[in-house]
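Student: Quick one: the structure is below, questions incoming.
Readers should treat all values here as calculations from the given coordinates under stated rules, not as data from a laboratory. Since the structure is predicted, the reported quantities are computational estimates derived from the model, not experimental observations. Cβ placement follows ideal geometry from the backbone for every residue including glycine, while neighbour counts extend to all protein chains displayed.
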Amino acid sequence: MARRNAKKILVILSEYGYWGEELVGPLHHFDQRGYETVFATPTGKRAHALPPSMDPAYIDPPLGRSVTSEEVAELTRKIDDSDRLDDPIDISSWVPERPYTADDDYLRKLEAYHRALDVVAGELDEYDALLIVGGSGPVVDIANNERIHQLILAFVEADKPVGAECYGVAPLAFARDWEDRKSIIWGKHVTGHCKEYDYKDGTGFLGTDFVIGPPPYPLEYILRDATGPEGRYHGNFGKETSVIVDYPFITGRSTPDSYLTGEKVVEVLEDGLRRFGW
């Protein structure tokens, strides 16, 4: 069978809100290259942009300035109002859930679970890369989502690139082989939402009235621990951008790094880039 020419990217979005630029930035580069993008959400609900990410007047508290230009706000509104994000893949129906050890007939269910994972891995053959978009939403339904962890593991095992932005980097720390429980970013160099960027109040999500103070965990500390003594977390606070490529991972720190993250995913796929940013 002839290899298709266009690359195909699986893009995971939170149902509790994605940050606009962290989607439109990578999409700019994917669309420019003619890549096919397929969207997926944890339970198949349509994803929507967080309102502040469509508001150029919104002042980001840690940075003390707007982080959304008029152009990016318009691009976010355009995709959010379009039908492009309609009918995403339902990850909960696609990827099996590991049974509880207390379940009746646990062994047979575990065997069935692994068979089903093999089927999913085969279905992922058609994809060239994975991207996990950030924003506050991933804190709720992506960070500790074992089904998404299995997708990440499948891409890593197939030696395919995995991109992640901001709080979308969190599941990389938690995606682990069930046997050794070691993070897949152990020994790797990554970036992600640094402590200086954390809100002290007003961390909000779509689809719920739940608004909290700071995020429930400091992502920087988790990433520092998960990379271990031979890897490293790079916050690059005080630098305008922070994107790290340590193949197969392409990680972007936060909103201002979105376009560069997409650019580096393309360079990984097209030019064989394996290391960048440190």
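Student: What GluC sites (Glu not before Pro) does the stretch 187-278 have in DSSP loop regions with at most 12 other beta carbons within 10 Å?
Tutor: Those that pass, being in a loop and sparsely packed, are Glu230, Glu240.
Student: Roughly how far apart, in whole Å, are the Cα centres of the stretch 87-125 and the stretch 1-44?
Tutor: So the separation of the two Cα centres works out to 24 Å.
Student: Which of Lys8/Lys45; Lys239/Lys264; Lys109/Lys182; Lys188/Lys239; Lys78/Lys264; Lys78/Lys182 have a Cα-Cα distance over 29 Å?
Tutor: Lys78/Lys182
Student: I've got another one for you. Take the Cα atoms of the chain, build their convex hull, and give its volume per residue in Å³.
Tutor: With only Cα atoms used, the chain gives 139 Å³ per residue.
Student: How far is helix 146-157 tilted, in degrees, relative to the longest principal axis of the Cα atoms in the chain, given as a value from 0 to 90 rounded to the nearest 10?
Tutor: For 146-157 against the chain, the angle is about 80 degrees.
Student: Ok, one more. When every alpha-carbon pair in the stretch 185-248 is counted, what percent end up more than 18 Å apart?
Tutor: For the stretch 185-248, the share of Cα pairs beyond 18 Å comes to 46 percent.
Student: If you take every residue apart from Cys194 with its C-beta less than 10 Å away from the C-beta of Cys194, what net charge results, scoring Lys and Arg +1 and Asp and Glu -1?
Tutor: Local charge sum for Cys194: -1.
Student: Quick one: Karplus J couplings for the stretch 198-211, per residue in order, coefficients 6.51, -1.76, 1.60, θ = phi - 60°, nearest Hz, x for Gly and Pro?
Tutor: Working through the residues one at a time gives 5, 5, 8, 7, x, 6, x, 9, 7, x, 7, 8, 5, 10 Hz.
Student: Right, here's the next one. Helix 20-32 versus the longest principal axis of the chain: what is the Cα-based angle in degrees, 0 to 90, to the nearest 10?
Tutor: That helix lies at roughly 70 degrees to the long axis.
Student: Where does helix 258-271 land angle-wise versus the long Cα axis of the chain, in degrees 0 to 90, nearest 10?
Tutor: 50
Student: Moving on. Are there any chymotrypsin sites (Phe, Trp or Tyr not before Pro) in the stretch 166-273 that are in a DSSP loop and have at most 13 other Cβ atoms within 10 Å? List them by number.
Tutor: Within the stretch 166-273, the qualifying chymotrypsin sites (Phe, Trp or Tyr not before Pro) (loop, at most 13 other Cβ atoms within 10 Å) are Trp178, Phe210, Phe237.
Student: I need the trypsin sites (Lys or Arg not before Pro) found in the stretch 174-278, filtered to DSSP loop residues with at most 16 other beta carbons within 10 Å of theirs.
Tutor: Arg181, Lys182, Lys200, Lys239, Arg274
Student: Determine the gain in length on full extension of the stretch Lys78-Asp125; use 0.36 nm per residue of separation and subtract their C-alpha separation, reporting nm with one decimal.
Tutor: The Lys78-Asp125 span can extend by a further 13.8 nm.
Student: Once amide H atoms are placed 1.01 Å from N in the peptide plane, what residues at a sequence separation of 5 or more from Phe39, or on another chain, have their amide H within under 5 Å of its amide H?
Tutor: Val11, Ile89
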